[in-house]
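K.L.:
This is the structure I want to talk about, given as C-alpha cells.
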Amino acid sequence: MIIVPEKEIAGLLGRAEAFEAVENVFAAMASGQAYNFPVIREAIGHADALYGFKSGFDRSSLALGLKSGGYWPGNAEKGLTNHQSTVFLFDADTGRARAVVGGNLLTALRTAAASAVSIKHLARKDAKVLGMIGAGHQSTFQMRAAAEQRDFDKVLGWNFHPEMLSRLEETAGELGLPFESVDLDRMGAEADVIISITSSFDPILMAHQVGPGTHIACMGTDTKGKQEVDVELVAGATLFTDEVAQSATIGECQHAVAKGIVSRDNIIEIGAVINATHPGRTSESEITLFDGTGVGLQDLAVASAAVELAIRKGVAIEVDF
Ligand code: NAD
C-alpha cells in the first residue's frame with residue numbers, strides 16, 4: 001500500500017493536474033462511467049465534530065475509494081486546520097487497499113478546479129471582470145484557478161466579514177490584477193464571472209443585482225440549509241452542476257427545488273457540456289449558474305493523480321499491508 005502524506009501534496013499536484021483530473025471525472029460521470037455513492041455526514045456528538053464519507057467508483061480510470069473527514073471547530077486552537085480529510089483508494093480488481101492520501105490541500109485544489117472547469121465551458125469568452133464573494137481559506141484557490149480560464153483584467157470582491165478582504169486583494173496582486181472591494185449591486189452589474197465560496201445560510205446575491213451574460217459558480221453550498229444566492233436568480237439561470245442529486249438536496253439548487261420553482265430535469269450535469277452532448281451557454285445574454293456541490297469522485301480523481309505523481313517522483317511511502 002502507498003501512503004502520500006499531506007506535506008507532500010503541494011510538491012506533487014498543481015492546478016493543471018487538478019483541472020485535468022476533475023474535468024475528466026465530470027465527463028465520466030455524465031457518460032455513466034463514474035458514479036458517486038450516497039454521502040454520509042453526521043454530527044458525532046464529540047468535539048462538536050461533523051464527520052462523514054464521500055465515495056464512488058470511476059470505471060474509466062478504475063478510481064475506487066472514499067474521502068473521509070469533516071469539520072472539527074476546535075482544531076484552530078490546537079494549531080490544526082478545522083477541515084480535515086483523508087482519501088483512501090482501493091484496487092478495483094481485488095478490493096485491496098491501494099493508497100492513503102492526505103486530503104486537505106487536495107480538497108481545495110479539486111474544488112477550485114471544479115469552478116474553473118465551469119468557467120472554461122460556460123463563461124463568455126470575452127469575460128473581463130472576476131467577482132469574488134467570500135474571502136475564506138478556499139477563496140484564494142478559487143481566484144487563482146479562475147484567473148487561468150479567461151483574460152481577466154480586474155477582480156471585484158465582497159465578503160460578509162469585510163476585514164477578510166485583504167486576502168483577496170493580496171491574491172489578486174500576486175496575479176497582477178487590480179482589486180476593488182465593492183457592494184453587491186456593483187458586483188452583480190460589473191462582474192462577468194462571479195464565484196461564491198462562503199459558509200452562508202442566507203442568500204447573498206439577489207436576482208435583480210446580476211446583469212445578463214454573467215456566469216456564476218456557487219461553490220460554498222454543500223450542506224442542507226446553506227444558501228448563497230436568491231432562489232429567483234437560480235430560477236432565471238441556465239443551471240449546471242457536478243451531480244444533479246446533490247445539487248437538488250445539498251447544493252445551491254436545493255431551495256429552488258424544494259419550493260417547486262426548479263425541477264431536477266432543469267439541472268444539467270457539467271459533464272454533458274464537456275462531452276458536447278449539451279451545448280452549454282447558447283447566448284451572450286443568458287445567465288449560467290454552476291452549482292458546485294463537491295463530489296467524492298473529484299477527491300478520488302485528484303488523489304489518484306497524486307499517487308501516480310508520488311510514485312513517479314519517488315516520494316510515495318510503500319508499506320506492506
Ligand atoms: P472559511 O471558514 O475559511 O471562510 C468562510 C467564508 O464564509 C468567509 O468568507 C466568511 O466571511 C464567510 N461567511 C461566514 N459566515 C457567513 C455568513 N453568515 N454569511 C455570509 N458569509 C459568511 O471557509 P472556506 O474553507 O473558505 O470554505 C467556504 C465554504 O466552502 C464552506 O461553506 C465550505 O463548506 C465550502 N466548501 C465547498 C466545497 C465544494 O466542493 N463545494 C469544498 C470545500 C469547501
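Derivation of every value follows stated rules applied to the coordinates shown; laboratory data play no part. The structure presented is a predicted model; accordingly, all values stated were derived computationally and were not measured. When we count neighbours, we look across all protein chains shown, and the Cβ atoms used for this are built from the backbone with ideal geometry, even at glycine.
K.L.:
Output the antiparallel fraction of DSSP beta bridges having both residues in the chain, as a percent to the nearest 5.
P.N.:
If I count the DSSP bridges inside the chain, around 50 percent turn out antiparallel.
K.L.:
Starting at 0 and stepping by 5 Å, how many percent of the alpha carbon pairs of the stretch 124-295 end up in each bin?
P.N.:
The calculated distribution, bin by bin, is 2, 9, 19, 23, 21, 16, 8, 2, 0.
K.L.:
Using alpha carbon centroids, what distance separates the stretch 204-220 and the stretch 236-264, in Å?
P.N.:
That distance is 15 Å.
K.L.:
For the stretch 5-87, compute Rg over Rh where Rg is the Cα radius of gyration and Rh is the Kirkwood radius from the inverse mean 1/r over Cα pairs.
P.N.:
1.04
K.L.:
Only helical DSSP H runs with n ≥ 4 go in: add -39500 (n - 2.57) per run for the chain, normalise by residue count and round the 222 nm mean residue ellipticity to 500 deg cm²/dmol.
P.N.:
-10000 deg cm²/dmol
K.L.:
A further question on this structure: Could you grab the relative contact order for the stretch 159-257? Cα pairs under 8 Å, six or more apart, rounded to a whole percent.
P.N.:
About 22 percent, as a whole number.
K.L.:
If you fit an axis through the alpha-carbon atoms of helix 165-174 and take the longest principal axis of the Cα set of the chain, what angle between them do you get, 0 to 90°, nearest 10?
P.N.:
For 165-174 against the chain, the angle is about 80 degrees.
K.L.:
Taking 7 Å along the Cα-to-C-beta vector as the label spot, tell me the residue 35-residue 284 distance in nanometres, rounded to one decimal.
P.N.:
Between residue 35 and residue 284, the label points sit 4.3 nm apart.
K.L.:
For residue 313, give me every one of the lysines with a C-alpha distance below 27 angstrom, ignoring sequence neighbours fewer than eight places off in its own chain.
P.N.:
7, 67
K.L.:
What FRET efficiency comes out for residue 313 versus residue 235 if R0 is 56 angstrom and r is the Cβ-Cβ distance? Round to the nearest 0.05.
P.N.:
With a Förster radius of 56 Å, E is 0.70.
K.L.:
Taking every pair of alpha-carbon atoms in the stretch 66-199, give the share separated by more than 17 Å as a whole percent.
P.N.:
The proportion of pairs with Cα distances above 17 Å equals 64 percent.
K.L.:
Distance from the Cα centre of the stretch 102-119 to that of the stretch 12-38, in angstrom?
P.N.:
Cα centroid to Cα centroid, the span is 10 Å.
K.L.:
Then there's this: Multiplying the sequence separation of residue 94 and residue 128 by 0.36 nm and subtracting their Cα-Cα distance, what value in nm do you get?
P.N.:
Full-extension gain reported as 7.3 nm.
K.L.:
Give the Cα extents of the chain along the principal axes, in whole Å, largest first.
P.N.:
Between the extreme Cα coordinates on each principal axis of the chain lie 59, 42, 41 Å.
K.L.:
Also: Can you list the residues, at least 5 places off or on another chain, whose amide H is less than 5 Å from the amide H of residue 124, using H built in the peptide plane?
P.N.:
Distant-sequence amide H within range of residue 124: 215.
K.L.:
For 223, 282, what ranking results if the residue with the fewest other Cβ atoms within 10 Å of its Cβ goes first?
P.N.:
282, 223
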